[in-house]
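Peer 1: My questions all concern the structure below.
The values are calculated or read from the model by the stated rules, or taken from the named source; none is laboratory data. It should be emphasised that the depicted structure is a prediction, and the values quoted were computed from it without experimental measurement. Glycine gets a Cβ as well: all are built from the backbone with ideal geometry, and neighbour counts include every protein chain shown.
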Amino acid sequence: MKPETASNELRGDWHERKVTYLSECAKDYAAEIEEATNIDKLHAVLDKWRRLVPDAVEKAKGLSNKDWQFVLLHKKDERYGEETSDLAGEILIPAVLLVVTMTARRFQVPWGAAFIRLREVKQIELRKGAWYRPTP
């Protein structure tokens with residue numbers, strides 16, 4: 001078995017992507033989540049992105065199709081914000097995507113450049129085949 005390395009590669013069974021300085025993974029992920037109109041499609045999307053959104057994958061394991069339909073219907077309705085967040089917050093805004101996006105916006109750089117730099121300074125780390133925020 002090949003040892004794990006901290007390269008920029010995000011590999012899935014049938015999805016392969018390499019993060020470059022100009023990658024916009026958060027936008028790509030959000031677009032694909034938007035197209036996941038049922039729980040099976042959601043799991044398929046998350047499987048493609050599992051190395052970058054392990055918290056979303058874990059949260060989706062206990063989610064029913066009925067709950068996912070509720071989230072899709074009410075995710076932009078502030079009256080249901082808390083309930084939607086409890087059901088699928090980690091799916092809609094995974095931790096690594098959030099921290100990289102915030103960094104990219106703060107420093108006005110592309111998403112991929114922020115990801116690569118955060119990896120270099122160990123603000124995100126590869127553990128068990130997926131990218132996580134470091135544990136304190």
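Peer 1: For ARG127, which of the numbered conditions (1) at pLDDT below 95; (2) basic (Lys, Arg); (3) surrounded by 11 or more Cβ atoms within 10 Å (Cβ to Cβ); (4) out of contact with any Pro (no Cβ under 9 Å at 6 or more places or on another chain) fails to hold?
Peer 2: If we test ARG127 against (1) at pLDDT below 95; (2) basic (Lys, Arg); (3) surrounded by 11 or more Cβ atoms within 10 Å (Cβ to Cβ); (4) out of contact with any Pro (no Cβ under 9 Å at 6 or more places or on another chain), just (4) comes out false.
Peer 1: For region 92-122, which residues satisfy the criterion of being part of a helix (DSSP H, G or I), farther than 25 Å from GLY81 by Cβ and not hydrophobic (A, V, I, L, M, F, W, C)?
Peer 2: GLY112, ARG117, ARG119, GLU120
Peer 1: Another question, if that's okay. Condition first: of a type in the set (Lys, Arg) and closer than 15 Å to ALA36 by Cα. Now tell me which residues in region 62-95 satisfy that.
Peer 2: LYS66, LYS75, listed by residue number.
Peer 1: With the condition kept exactly as written, say whether any residue in region 123-136 is touching a residue at least 12 places away in the same chain (Cβ under 8 Å), under 24 Å from ASP47 (Cα atoms) and in a helix (DSSP H, G or I).
Peer 2: No, because not a single residue in region 123-136 is touching a residue at least 12 places away in the same chain (Cβ under 8 Å), under 24 Å from ASP47 (Cα atoms) and in a helix (DSSP H, G or I).
Peer 1: How about region 54-81: which of its residues are modelled with pLDDT of 95 or more, over 20 Å from TYR29 (Cβ atoms) and part of a loop (DSSP other than H, G, I, E, B)?
Peer 2: If the condition is that a residue be modelled with pLDDT of 95 or more, over 20 Å from TYR29 (Cβ atoms) and part of a loop (DSSP other than H, G, I, E, B), then SER64 is the only one that fits.
Peer 1: Pairs needed: first member in region 26-39, touching a residue at least 40 places away in the same chain (Cβ under 8 Å); second member anywhere, outside any helix (DSSP H, G or I) and hydrophobic (A, V, I, L, M, F, W, C); C-beta distance under 8 Å; at least 6 residues apart or different chains.
Peer 2: Going by the 8 Å Cβ cut-off, the qualifying pairs are TYR29/LEU52; TYR29/VAL53.
Peer 1: For the condition under 12 Å from the mean Cα position of the chain (by Cα) and either at pLDDT below 90 or small (Gly, Ala, Ser) (or both), what is the one hit in ALA26, ALA6? Steps first, please.
Peer 2: Values: ALA6 fails: under 12 Å from the mean Cα position of the chain (by Cα).
Among ALA26, ALA6, only ALA26 is under 12 Å from the mean Cα position of the chain (by Cα) and either at pLDDT below 90 or small (Gly, Ala, Ser) (or both).
Peer 1: Only one of these conditions is not met by GLU90: (1) modelled with pLDDT of 95 or more; (2) surrounded by fewer than 17 Cβ atoms within 10 Å (Cβ to Cβ); (3) under 24 Å from PRO134 (Cβ atoms); (4) of a type in the set (Asp, Glu). Which number is it?
Peer 2: (2)
Peer 1: Restricting the search to region 106-122, which residues are without any contact (Cβ under 8 Å) to a residue 60 or more places away in the chain and either surrounded by 18 or more Cβ atoms within 10 Å (Cβ to Cβ) or within 22 Å of LYS76 (Cα to Cα) (or both)?
Peer 2: Scanning region 106-122 gives ALA114, LEU118.
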